[in-house]
Amino acid sequence: MGSVRNSKNRKKPKLAVFKFASCDGCQLSLLNAEEDLVSIGEAVEISHFLEASSHVEVGPYDLTLVEGSITTPGDRERIQEVRKQSRVLVTIGACATAGGIQALRNWGDHEEFQQAVYPHPEFLDTLATSTAISDHVQVDFELRGCPVNKKQLVELITDILHQRKPRFPRHAVCLECKQSGTVCVAVTRGIPCLGPITQAGCGGLCPGYDRGCYGCFGPTAQANVSGLSHWLLKHDMPKTELVPLLRNFNAGATPFREEGNRLAREQDTELE
Amino acid sequence: MSESRSINVKALTRVEGEGALHIRLAGDAIEAVELNIYEPPRYFEALLRGRSVEDVPDITARICGICPVAYQMSSIHAIENALKIRCSPETRSLRRLLYCGEWIESHVLHMHLLHAPDFLGCESGLEMGQSYPDELKRGLRLKKHGNQLLSVLGGRSVHPINSTVGGFYRAPSRQRLQKLIPDFEWGLQAAIEATRWVAGFEFPEFQQDYEMISLSHPDEYPMNEGEIASNKRPAISVDRFEQEFQEYQVPHSTALQACRVKENSSYLVGPLARVNLNRDRLSAAAKRLADELHFETPCTNIFRSIIARGLEVVHAYEEALGILRRAPVLTPAKISYDYHSGEGCAATEAPRGLLYHRYAVDEAGLVEKTQIIPPTSQNQLQIEMDLIRFLPGVLNEDDQQTARDCERLIRSYDPCISCSTHFLKLDIERLES
């Protein structure tokens, strides 16, 4: 990871935020940092953050946060330029790290999708896929979540400003449920839950609200996805429900994608 | 000999999402005004097909990180209509409470961090904070309360997880809700102060003869229910929406635009339309404040939308306080229902205006067809019409200033282009004869 400090005259480091295909929710998490927002504004020069400021500076930037996935030929070019202008580039959220919910088009017929939504698909200039930023350029750090956890976001910015490598837990949501005293919804109530294969970061949110985890923070470091799907299938969850559960906001993340594809192939064979 | 001149001014900022505005002039004659939205399409209507109805509110939330509750509410109501589910009055109250949280969070964000800097000559909310530290601090605290309410009721503020077809996954804890009361009591007074503050700004003179559209309900300020009212035409029921209003595509935008079907005319949705059409149903404190500020309705100056937003924040705080004090008990958290094939539509009032959804579902509870019409695509044509009328008054300035004034007008709408995006470049091309 490169240094974010401008060593010459100790000017404030320059922070940039760039948006690709996304909902705005992850950069909003920065504005939602409320009290910390003012401190961040004091610690860095906000050089490019279109949603927050009309003050726009050209690069290079010391720290660039990238939200969103690559879905158009123009964006495929733009991310290269953003990379060139960035000392440290961090992706924030599921769209930037795994392609987001819009990556469901990767399994569909792109032309048919266009026709289903737009009367004149010929006006559009889009790619048939939605892909993660790391499929296009080198990424220095990925912050997971749909949306990201704002505390993690503030911590990440602080770490990078202090030239520390950000460290976030890579264990499963299950551990967060244990920590918060939430009784397991899968074991005790038979609710399908991706907690065992999903990275922590939400605080075990959904099980705490009596529902199963749907994978906002993407796969854990050693996600045993097929182990979980065997267990769920054994406990009467139909494949027709398990495939969409894996194909949510991190559908494009490799372990989720591969197991979803394997199950879908099995399902097709069974139908034949 | 005509000399063509093209001037690129900096990107339009402090809006949710990115697009472009292209203005073409020949001398002082306006040849074209196009609001380009380069939003990369994400095909939500296509990717929802085949998903179970329970997946829908989680997926539609991701259309917009600023107003996920609106997308959840319109989709849940439409699906409940398709499945003929009637929720309890307690569910209804708690859904209004959730919507109050989103109105507060979204409106306060726009008022303080996006819009107010325009009136104070600042480039950002943070810069504004150097001259107006108390006002910024108050705004950030107000916004935080909105987010806290969303977190208690919905689990988190961006993409809450607790709303579902038939009610909530888990009934909120009365204790946790009532703990918010002291903050909301402070917030009601602070919201009144914030609205007084923005009402003192200097507004450009710009009156337009809008057709204003919003939900309207006889007994309450519109959020989740009501007829679709207009200041120019009779009210219609929500299920007639697609007969009266339609979306169409223009080459310069990836957002579909909407207009009146028969008249092909533009219309205005959002807080200004809502306050104008429903002023007498604002909460007592909001009504008193509107009188005190001499906020005359109908108000037809879009720049004054910031005051309408303030009044709605006051309303949302007061209504939320009422519900928090009652803290309705939800048993069961959600009602059970059966799948059957059907079709249903619903409209709710997103912070930026009326948001219409329609779903067809099959007998297994899977989505067959979806139609989603967001507020910004409805306002898009109106923004272009406004710019055409606004431009002659600002053409004598230099191009940079003209562009800045146009940006301010666009920003008054709080456009939520976000649901994907690109640069909003303001590009004035002068064809000099």
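Which condition does A:Glu241 not pass, out of (1) among the charged types (D, E, K, R); (2) in contact with a Pro (Cβ under 8 Å, 6 or more places away or on another chain); (3) assigned to a loop (DSSP other than H, G, I, E, B), if it passes all the others?
(3)
Run B:Gly270 past the list (1) in contact with a helix residue (DSSP H, G or I) (Cβ under 7 Å, 6 or more places away or on another chain); (2) at negative phi; (3) of a type outside the set (A, V, I, L, M) and report the number of the one that doesn't hold.
Here B:Gly270 meets the rest and fails (2).
In the list B:Glu312, B:Glu292, B:Glu296, B:Glu318, which residue meets the criterion of being within 27 Å of B:His112 (Cβ to Cβ), of a type in the set (Asp, Glu) and crowded, with 24+ Cβ neighbours inside 10 Å? Reasoning before the result, please.
On the way: B:Glu292 fails: crowded, with 24+ Cβ neighbours inside 10 Å; B:Glu296 fails: crowded, with 24+ Cβ neighbours inside 10 Å; B:Glu318 fails: crowded, with 24+ Cβ neighbours inside 10 Å.
The match here is B:Glu312.
Consider only pairs whose beta carbons are under 6 Å apart and that are at least six residues apart or on different chains; among these, list those whose first residue lies in segment A:119-132 and is of a type in the set (Gly, Ala, Ser) and whose second residue is part of a loop (DSSP other than H, G, I, E, B).
Going by the 6 Å Cβ cut-off, the qualifying pairs are A:Ser130/A:Thr71; A:Ser130/A:Gly99; A:Ala132/A:Gly99.
Kindly check whether there is at least one residue in segment B:308-327 that is in contact with a Pro (Cβ under 9 Å, 6 or more places away or on another chain), part of a loop (DSSP other than H, G, I, E, B) and farther than 25 Å from B:Gly187 by Cα.
No, that holds for no residue.
Please enumerate the residues belonging to segment A:108-132 that are in a helix (DSSP H, G or I) and within 19 Å of B:Thr60 (Cβ to Cβ). First the steps, then the outcome.
Taking segment A:108-132 and keeping what is in a helix (DSSP H, G or I), we get A:110-117, A:121-123.
Result: A:Phe113, A:Ala116, A:Val117.
Right, A:Gln102: touching a helix residue (DSSP H, G or I) at 6+ places or on another chain (Cβ under 6 Å), within 14 Å of chain B (Cβ to nearest Cβ), in a helix (DSSP H, G or I) and polar (S, T, N, Q) or not?
no
Just the residues that are out of contact with any Gly (no Cβ under 6 Å at 6 or more places or on another chain) and within 7 Å of chain B (Cβ to nearest Cβ), please, taken from segment A:21-34.
Selection gives A:Ser29, A:Leu31, A:Asn32, A:Glu34.
Can you give me the number of residues within segment A:50-62 that are more than 7 Å from chain B (Cβ to nearest Cβ) and crowded, with 24+ Cβ neighbours inside 10 Å?
2
Mind listing whichever residues of segment A:77-99 are within 11 Å of chain B (Cβ to nearest Cβ) and either touching a His at 6+ places or on another chain (Cβ under 8 Å) or charged (D, E, K, R) (or both)?
Residue satisfying the conditions is A:Arg78 alone.
Could you grab me the full set of residues in segment A:192-241 that are among the charged types (D, E, K, R) and more than 22 Å from B:Thr164 (Cβ to Cβ)?
Scanning segment A:192-241 gives A:Lys234, A:Lys239.
Working only within segment A:160-177, note down all residues that are basic (Lys, Arg) and without any contact (Cβ under 8 Å) to a residue 12 or more places away in the chain.
A:Arg164, A:Arg167
Does A:His110 satisfy the criteria of being free of Cβ contacts under 8 Å to residues at least 40 places away in the same chain and within 7 Å of chain B (Cβ to nearest Cβ)?
No; evaluated as a whole, the condition is false for this residue.
Report the residue count in segment B:38-73 for those that are under 24 Å from B:Tyr337 (Cα atoms), more than 7 Å from chain A (Cβ to nearest Cβ) and in a loop (DSSP other than H, G, I, E, B).
Count: 5.
Select from segment B:164-180 the residues that are part of a helix (DSSP H, G or I) and surrounded by fewer than 21 Cβ atoms within 10 Å (Cβ to Cβ) and list them in ascending order.
Listed by number, the residues that qualify are B:Arg174, B:Gln175, B:Arg176, B:Gln178.
Residue under question is B:Cys122, and the condition is that it be under 23 Å from B:Arg288 (Cα atoms) and either more than 21 Å from the chain's Cα centre (by Cα) or assigned by TED's automatic domain parsing to the domain that holds B:Glu318 (or both); does it hold?
No, not satisfied.
The values are calculated or read from the model by the stated rules, or taken from the named source; none is laboratory data. Treat the numbers as computed from the prediction; the structure is a model and nothing was measured. Heads up, the Cβs are rebuilt from the backbone with ideal geometry, glycines too, and the neighbour counts pull from every protein chain shown.
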